[in-house]
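For reference, the structure is listed below as C-alpha cells.
The values are calculated or read from the model by the stated rules, or taken from the named source; none is laboratory data. The structure displayed is predicted, hence computed values, not measured ones. Cβ atoms come from the backbone with ideal geometry, glycine included; neighbour counts cover every protein chain shown. Quick note on the areas: whole protein, heavy atoms, side chains included, nothing else; ligands and nucleic acids left out. Shrake-Rupley method; radii C 1.70, N 1.55, O 1.52, S 1.80 Å.
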Amino acid sequence: MNKAFLIGRLTRDPELRYSSSNAAIVNFSIAIDRQYTNTQGQRETDFINIVAFQKQAENIKKYVGKGSLVAVDGRIQTRNYEDKDGKRVYVTEVVADRVQFLDSRNSGNSANNIEAGNDVSPADFQTESSAPKETNVSDDVFADFGSSIEISDDDIAF
C-alpha cells in the first residue's frame with residue numbers, strides 16, 4: 001500500500017505549467033514540523049515536494065499561495081531523469097490525489113501577508129487562532145455513549 005496524508009504550509013507559491021498534451025501540472029512544497037525536538041530543543045522541519053494534475057492543479061494555483069495551510073492525500077512516487085548536463089537526477093515526491101485548502105489566500109496568515117522570497121517554516125505561522133482552545137471535556141471519553149455495561153470473562157467465548 002502506498003498512501004500519504006500530510007498537513008503543512010506551502011513554502012512558496014505553486015508553479016503551474018502545461019504538458020505538451022495541455023494537461024495542467026502544479027508543483028509546490030509544504031513544510032511540516034517534526035513531532036519531537038532535537039538536542040537543542042528545537043523542532044526540525046521536513047520539506048515535502050508535491051505534484052498535482054488537471055483541474056486540481058489549476059485550483060491550487062488559483063486559491064493557495066506561500067504560507068497557505070493545506071492537507072494532501074496522495075501517494076509517494078520516485079522518478080529520475082537526465083538533466084541538461086547529462087547527470088542523472090532522482091526525485092521523490094507526493095502525487096496528490098486530493099488537496100484540501102485549510103485556509104484561504106486572504107486569511108491573516110497566508111501568502112498575501114508574507115514577504116516574497118523569504119523562506120518559511122510552519123512555526124512562522126502560529127497565531128492565537130491556531131493555538132488549541134481549552135474545552136470542557138469530561139475525563140470519561142465514553143460519557144456520551146449511553147449507560148455502562150458490565151462484561152465478565154464468563155461472557156467471552158474462547
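Only residues that are open to solvent by less than 30 Å² (accessible area, probe 1.4 Å) and either in contact with a His (Cβ under 8 Å, 6 or more places away or on another chain) or closer than 17 Å to GLN100 by Cα (or both) were counted in region 2-24, giving 6. Checking VAL94, VAL89, VAL51, VAL99 one by one, the residue that is hydrophobic (A, V, I, L, M, F, W, C), on the phi < 0 side of the Ramachandran plot, part of a strand (DSSP E or B) and in contact with a Gly (Cβ under 7 Å, 6 or more places away or on another chain) is VAL94 and no other. Restricting ASN80, ASN59 to residues that are in a helix (DSSP H, G or I), closer than 29 Å to MET1 by Cα, open to solvent by 30 Å² or more (accessible area, probe 1.4 Å) and modelled with pLDDT of 95 or more narrows the list to ASN59.
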